[in-house]
Every structure is written in C-alpha cells, then in structure tokens.
1. Return the carbon/sulfur percentage of the accessible area of the range 64-181, one whole number, probe 1.4 Å, all protein chains in place.
2. Compare Tyr114, Tyr177 by solvent-accessible area with a 1.4 Å probe and give them largest first, with all protein chains kept in place.
3. Mark the label point 7 Å from the Cα of Phe143 along Cα→Cβ and return the residues of the range 37-64 whose backbone N is within less than 19 Å of it.
4. Taking N as the number of residues in the range 82-174, what is its Cα Rg relative to 2.2 N^0.38 Å?
5. Pulled fully out, how much extra length does the chain show between Lys126 and Thr167, if you take 0.36 nm times their separation in residues and subtract their Cα-Cα distance?
Amino acid sequence: MSFLLSKEGEKAMTDDSGAAGGIGGGDLRSRPLSTFSPEAQAEFKAQGQKLVDVIFNRTMDAGFELIKHFVAINAAGVAGATAIASALIEPAKLAIPYFFGGMVVSIMTMLLVYVNGLQITHGMGKRLNAVVNSGAPIGTFKFSRLMWIGIVATWLLSLASILLFLTGAALLVLKTYPTIP
C-alpha cells in the first residue's frame, strides 16, 4: 500500500488542519475507508485486491513446491528402505514406517496448504469487501485467528514430515552400522 505511505497518501489522510489521521484524527486503522480521500480509497482498493491475489498465488506456489519435495524425499526413503529390506536387513524394515509416515504427512500438508490458501484468499477478499463496501474500519483487513492457525498447522506438519524422514534415516544408518568408525 505504497500510496498510503507516500507524501500524497499522507496528505490524503490528514484533515484541513493537518492533524494526523484526517477526519477526527486518531488511529488510521479504526477509521472507515469512506473517511479517506477518493484517491486514498481507490489506492486502498487496488492494493488490497493485489494483496489478496498475491497471497493466493504465493501460498499455492510455495506450499506445493515445498511439499512436493517432502513427498519426493520420503518416497525415496521408502524406496531405498524397501530395496534394502528385500535383502532381509532388519533395520530397513524398522525404517520403512517412518518414511511412509513422512509421505502420508506430506500429502496431508499439501491438502492443508490448498485448503488454507483458499480460506485465506476468501477471508481476505471478504474483509477487503467489508472495508470497501460496508464501512468497516480499515484495521479489519488483516488475517483472522483461524488463518494463523492454518499457517502454523502447515508448518508443524511440514516439520513432522522432515522429522519422520530423519528418524527413518537415522534408524536405517544406526541399526545397520551400530559401530560407525
């Protein structure tokens, strides 16, 4: 929202006396959009919509790229451990469930990234609409608690996938070579 931070934006957000916050002064986030100049309103709408679009695109792209790698790593672990297990090596049989679990958690994370991305996009679009059309204070245009919970859950599942892979790899190495020189 570069306009709102520029000199023109600052001028648009002050009243005739130059008081910060424009009409009535105070915290800008508590004011409805309609109390700002038409230029500031138009810029807020445009930048808000851009933000919603960027959040959606970046969430989908980054989330799926990251999780694809988790799936590939854990799938490679399953394949490697299965190949070693076919030689009847007991440690490989112990590691397979961890690699498989990491793969399952990665797939669950992909689903959560998608659902959370849609929820964030819908929620932010709805909040932008409330600010633009319903006179809600501009401070309404922020992430909800549910959005943050989804983001944290995604990171926790990602961490779980990595930990499952590392546990499987450690079991495979440490049980196969109990006395590493």
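1. The computed percentage sits at 76.
2. Tyr177, Tyr114
3. 48-64
4. Compared with the compact-globule rule of thumb, the range 82-174 sits at 1.68.
5. Net length gain for the segment: 10.5 nm.
The values are calculated or read from the model by the stated rules, or taken from the named source; none is laboratory data. The shown structure was predicted, so the numbers you read here are calculated from the model rather than taken from an experiment. With ideal geometry, Cβ positions are generated from the backbone for all residues, glycine too; neighbour counts draw on all protein chains shown. SASA here: full protein model, heavy atoms, side chains in, ligands and nucleic acids out. Shrake-Rupley method; radii C 1.70, N 1.55, O 1.52, S 1.80 Å.
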